[in-house]
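Below is one structure, written out as structure tokens; the observations come after it.
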Amino acid sequence: MTDDIEIIIAKKLQKESKTVDRKKVLSRAMEVFECQEDAVIKWMSSPLFALSGMTPNETLQKENGEELVLRLLGRIEHGVPS
């Protein structure tokens, strides 16, 4: 019984963690795209060469997805071809 509860809690924490990651990334994307909500939505759902053909939304599901997407946003912000 205890093992089941631990698994449920771990899954819930993992989902909450992904939610926090998404909020951080969306906030950063809004900065980079100068609060243009439509541009952020389009970018987050577009397959990108820099993310091996995955969308930023898909990439966030990977273990290091937050880091990859934030790094890409930094490159875009500084005008580095990505």
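Here, each number is a calculation from the coordinates, and none is a lab measurement. Everything quoted here is computed from the prediction, not taken from an experiment. Note that we place each Cβ from the backbone using ideal geometry, even for glycine, and neighbour counts take in every protein chain shown.
Scanning segment 55-67 for residues that are in contact with a Leu (Cβ under 9 Å, 6 or more places away or on another chain) and surrounded by fewer than 18 Cβ atoms within 10 Å (Cβ to Cβ) turns up Thr55, Glu58, Lys62.
Scanning segment 46-61 for residues that are under 10 Å from Leu72 (Cβ atoms) and in a helix (DSSP H, G or I) yields Ala50, Leu51, Pro56, Thr59. The set of residues in segment 31-74 that are aliphatic (A, V, I, L, M), in contact (Cβ under 8 Å) with a residue 24 or more places away in the chain and touching a strand residue (DSSP E or B) at 6+ places or on another chain (Cβ under 9 Å) comprises Leu48, Leu72.
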